[in-house]
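Have a look at the structure below before the remarks.
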Amino acid sequence: MPRILPRLLKKIQQQGRGQAAFLPYPQPPKRRKSLHSPPLSRPSFRPEDHPRSIVLTSRNPVVNAKKYVRNKKLPPTLCRPVTVDGQNDPPRQMTDAEFGWWANPYLRMLTSPLRTCVVTKHEADFCIDFLVRLVGMRIPNSRIRPHPTGVIAPDGLLSPKYTNRYRSGGGMYVLCWREAVSALKKNMKGLKLAPSPRLADYIAHLLRLRVVQEFELLAERLEYAVRSGKNRRTSSVILRRLTRDEWLAVKCTKSAPYENGVAILVVPPLKKDPATKERPRASLSALPPTDERPFETSLPVSTLLPVSSQLANANLPTSLPLPYIPLYNGVTAFPSRSQRSALHGILLRILKAERFIKYLYHQQESSKSSKASHAFLLCSDEATARRGDASGIARALWRLRMYEGSGWQDVEE
C-alpha cells in the first residue's frame, strides 16, 4: 500500500493537468505474428556449380536449412486492415470469394478441427462443432459439502466475449446429442467423476443461451455501424420479418424460396402474466432457469424446408444434397420465457438498425396492407458477411437442432 499510493497520486495529478489518461492500458493488443518471408531461390546441388565446398558458401541449404522453409501467410481479416510499410506479410482483407466461404455456416462447421467422441470411441472422428466439450471441475467445500467434490461440466459452449474457457489439462468430447450425453454415464463406470443427472438439461440451456448471445453480438455491431457511420457500403439486409402473405406461402408450399436464407425463426411476442399483468423480464443468465417448462405441443424444434417446391420432387443426382433452410419454432426451442423475452427484444433491436440501412439506401418498405408476421428470416452471403456474422448465428442454431435430436435419425436406424 505505501508503494502504490504515491503512484496513484502522480497519475491523478497528471490527469488534472491533461498530460495523459488515467491509468492507460500498458500493453498493446496482441496480434498474430507472421513467419512468412520471401522465398529464396532454389539452391543447386551440382558439384560443378560450386568451386568450393557447398558448406562454405553463404546461405547454403545445409547449415541454413530453416531459411528455405516456406511458411504460410496470415489468414485474411474481415475488416480492412491498416497496412504498414516494410512488412513481408502485410495484412489484407478477404476477397468476395472468401467472404462467401465465411458466410457459409456449414462450410465453417466442416472445417473445424477433428476430435474423438468418448461414447462412439474410435469408430469415427467428428468436427468440433458437432461435439460438446466436457471437463472436470472441482466444487469448493461448503456447509453441505465438508470436502471439495469434482463434477463434469460443459466448457466452450458460450461466446468467448461473455465467458472464458476452462483451461484444464485435458477434456473429453461427446456428440452434440441429448441421447449421447445421457449415455455418457454408462461409458464412465469406475471413474471418480460422474455426470450430473441434470447435465443434459444444462447443456441444452447453454446452447440456447449461445444463440441469444450471437444475436446480441450482431445487434451491437449493427448499432455501432448506425452510430459511427461505418460499414455502410452494402444494402444487403441480414435479418428481416416475413410478411403475412410470405409466411402463408411458406406454410402452404412447405418451401422457402430464399437463396441466401440460412434460417427462419418463429418467435411471437410474449403475453402478459394473468396474475401479475406483466411480461417476463429478459434474462441472459448462465444459471439454470427456473421458469423453463416444456410446452405440450406437437411442433418440433426445427424442420427443414426446401428452397424451392419444385426441387423437392425433382429427379436430381443423389450425390448432391438439395438446398434446405431450417425453420425453428421459438416456443419449442426456447421453453424459458425469460430467455425467449431476451431473444425477442434483441431481434427487435436488429430490425431497428436494419430499418436505418433501408432508409439510407432509399429502399421501400413493404406496403402497409401487408402486415408483418412473427417469422424472422436470417440471411447470409458474401454481401451480408461484410456487415455482420450471421453465419455464427446459423451455426449456434444448428447445434441446438442437432442436440434436440434432429439429423440423427439415420444413426438410430
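The values are calculated or read from the model by the stated rules, or taken from the named source; none is laboratory data. The structure presented is a predicted model; accordingly, all values stated were derived computationally and were not measured. So basically every Cβ, Gly included, is an ideal-geometry build from the backbone, and we count neighbours across all protein chains shown.
What number of residues in region 242-294 are of a type in the set (Val, Ile, Thr) and not in a loop (DSSP other than H, G, I, E, B)?
Going through region 242-294 one residue at a time, the tally reaches 6.
Of the residues in region 31-52, how many are surrounded by 10 or more Cβ atoms within 10 Å (Cβ to Cβ) and over 47 Å from the mean Cα position of the chain (by Cα)?
The total comes to 4.
Could you give every pair whose Cβ atoms fall below 9 Å, whose first residue belongs to region 229-240 and is surrounded by 16 or more Cβ atoms within 10 Å (Cβ to Cβ) and of a type in the set (A, V, I, L, M, F, W, C), and whose second residue is modelled with pLDDT under 70 and in a loop (DSSP other than H, G, I, E, B), counting only separations of at least 6 or pairs across chains?
That search, which allows pairs on different chains as well, returns VAL237/GLN363.
Being in contact with a Leu (Cβ under 6 Å, 6 or more places away or on another chain) and farther than 18 Å from ALA286 by Cβ is the filter here, so list the residues in region 331-344 that pass it.
The one that is in contact with a Leu (Cβ under 6 Å, 6 or more places away or on another chain) and farther than 18 Å from ALA286 by Cβ: THR332.
To keep it simple, each residue is scored yes or no on (1) within 15 Å of GLU354 (Cβ to Cβ); (2) among the polar types (S, T, N, Q); (3) over 18 Å from the mean Cα position of the chain (by Cα); (4) outside the structural domain of SER308 (by TED's automatic domain parsing).
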residue: LEU217; (1), (2), (3), (4): no, no, no, no
residue: LYS230; (1), (2), (3), (4): no, no, yes, no
residue: SER236; (1), (2), (3), (4): yes, yes, yes, no
residue: LEU239; (1), (2), (3), (4): yes, no, no, no
residue: LEU242; (1), (2), (3), (4): yes, no, yes, no
residue: ASP245; (1), (2), (3), (4): no, no, yes, no
residue: ALA263; (1), (2), (3), (4): no, no, no, no
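Could you list, in sequence order, all residues of region 80-106 that are out of contact with any Pro (no Cβ under 8 Å at 6 or more places or on another chain) and modelled with pLDDT of 80 or more?
ASP96, ALA97, PHE99, GLY100, TRP101, TRP102, ALA103, ASN104, PRO105, TYR106
When you go through GLU382, GLU404, GLU413, GLU354 one by one, which is the residue that is at pLDDT below 95 and over 26 Å from the mean Cα position of the chain (by Cα)?
GLU413
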